[in-house]
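Written below as structure tokens is the structure these notes are about.
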Amino acid sequence: MKKQNNCLNFFKGLACIFVVAIHMRFPVDYIDGPIQSAARFAVPFFFMVSGYYCFNEDKTIEFSKLPKKVKHIAILCLGSFIFWFLFILITQVDGGLTGIGEWLLTLVSFESLYQFILFNVDPFIQILWFLFALLYCYILFYIFARLKAVRILKFLILPLLIAHFAMGNICNGILSLSIDVYYFRNCWLMGMPLFMLGYVIHEYRQPILRGVNGNVALIAIIAGGILAVCEWLIVGGRQQMYLGSIITAAAMILYSQWHEEAYIIKPVAIIGQKYSMLIYVLHYCIGICFDYIMAWVGIADNFVFLCFRPSIVIILSIIVSIMLSFLWQKMIARVSRKNQVS
């Protein structure tokens, strides 16, 4: 059985909580801005962790594990797609059969299809892009590994990241242009370079760790967060990531290598180990349902409610994910017992 890195699980739990915070904004800019910018380490962290665990000294083992990883992510993508299709169909489509028909037509329009296929833009809420981008990363890595050309992907890390920052942070941020976010928030300019950066960190893990001990990594985590906030103040807007985001994510991985046994905060580590992906898929749905209830009660625009909304949605997302996971495990156990009896 694979040994768990408790510290890394803590950072995974922390990252998934910050993903929820990114999508459930605070009503005051001077609170929301620093939280949003500091939280932007979360998505780079998950891409980098995925790439980190793709590396293996034995290339035969590394290659043999990839089809299983691709299958696992593909199932998550399919399940998430079906869930959100049904949720939007039930809750968001007005106008009866006519409205449903018009909505279905938008899903298969040329614009929706090319954005989805080329740039990982899901046609529902546009937050599932991460899962599809991650699937593309594994598939691309598998193809290049099969061709024994992984070094090409490593060489592309820097130019792809430069292209992302040029389009997002400089053009859309500093220059206030209007480039659609999906052109640089996708597998090509965000997912793949970060995935490969995690891979390279693992490949050169030993020499890196000789120069970066636990204390240095901890300082880098904090410094990366501060740098991200400073970048937000300079660049403006809600950027997809900052240079500080990458520093924080990489430093978290390195810190976890020095403190593998440390839970730091055990409940958060358990969330990271068991529920982070489910929280990611469900949290926006929970936010929508919660907003419906608050609108019905009549406090949807209440300032105090809006201040506490992100925290409430985070807590509800964790609770619902734990409950659904528990029920799923019970159902699987019951089916397994019936099969054994028969």
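The values are calculated or read from the model by the stated rules, or taken from the named source; none is laboratory data. This is a predicted model, so every value here is computed, not measured. Methodologically, a virtual Cβ is constructed for each residue, glycine included, from the backbone with ideal geometry; neighbour enumeration extends over all protein chains shown. Areas reflect the complete protein model, heavy atoms only, side chains present, ligands, DNA and RNA absent. Shrake-Rupley method; radii C 1.70, N 1.55, O 1.52, S 1.80 Å.
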Run residue 65 past the list (1) at pLDDT 95 or above; (2) surrounded by 11 or more Cβ atoms within 10 Å (Cβ to Cβ); (3) under 18 Å from residue 48 (Cα atoms) and report the number of the one that doesn't hold. (1)
Give the residues of segment 159-190 that are closer than 22 Å to residue 111 by Cα, in a loop (DSSP other than H, G, I, E, B) and open to solvent by 20 Å² or more (accessible area, probe 1.4 Å), sorted by residue number. 177, 178, 179, 180, 185
Looking for something without any contact (Cβ under 8 Å) to a residue 12 or more places away in the chain, surrounded by fewer than 15 Cβ atoms within 10 Å (Cβ to Cβ) and farther than 21 Å from residue 33 by Cα - is there at least one such residue anywhere in segment 300-314? no
Just name the residue that is modelled with the lowest pLDDT out of those in segment 232-256 that are over 14 Å from residue 164 (Cβ atoms) and of a type in the set (Phe, Trp, Tyr). 232
Scan segment 113-128 and tell me whether some residue there is out of contact with any Ser or Thr (no Cβ under 6 Å at 6 or more places or on another chain), on the phi > 0 side of the Ramachandran plot and modelled with pLDDT of 95 or more. yes
Write out, first by first residue and then by second, each pair whose Cβ atoms fall under 7 Å of each other, whose residues are 6+ apart or on separate chains, and whose first residue, in segment 140-166, is among the charged types (D, E, K, R) while the second is open to solvent by less than 40 Å² (accessible area, probe 1.4 Å). 154/196; 154/200
Are any residues in segment 126-155 of a type in the set (Gly, Ala, Ser), surrounded by fewer than 17 Cβ atoms within 10 Å (Cβ to Cβ) and assigned to a helix (DSSP H, G or I), and if so, which ones? 145
Which listed residue is open to solvent by 10 Å² or more (accessible area, probe 1.4 Å), of a type outside the set (Asp, Glu) and over 16 Å from the mean Cα position of the chain (by Cα), from 217, 223: 223
Tell me, yes or no, whether segment 214-227 has at least one residue that is in contact with a Gly (Cβ under 7 Å, 6 or more places away or on another chain) and among the polar types (S, T, N, Q). no
Hits in segment 1-47 (condition: at pLDDT below 95 and basic (Lys, Arg)): 2, 3, 25
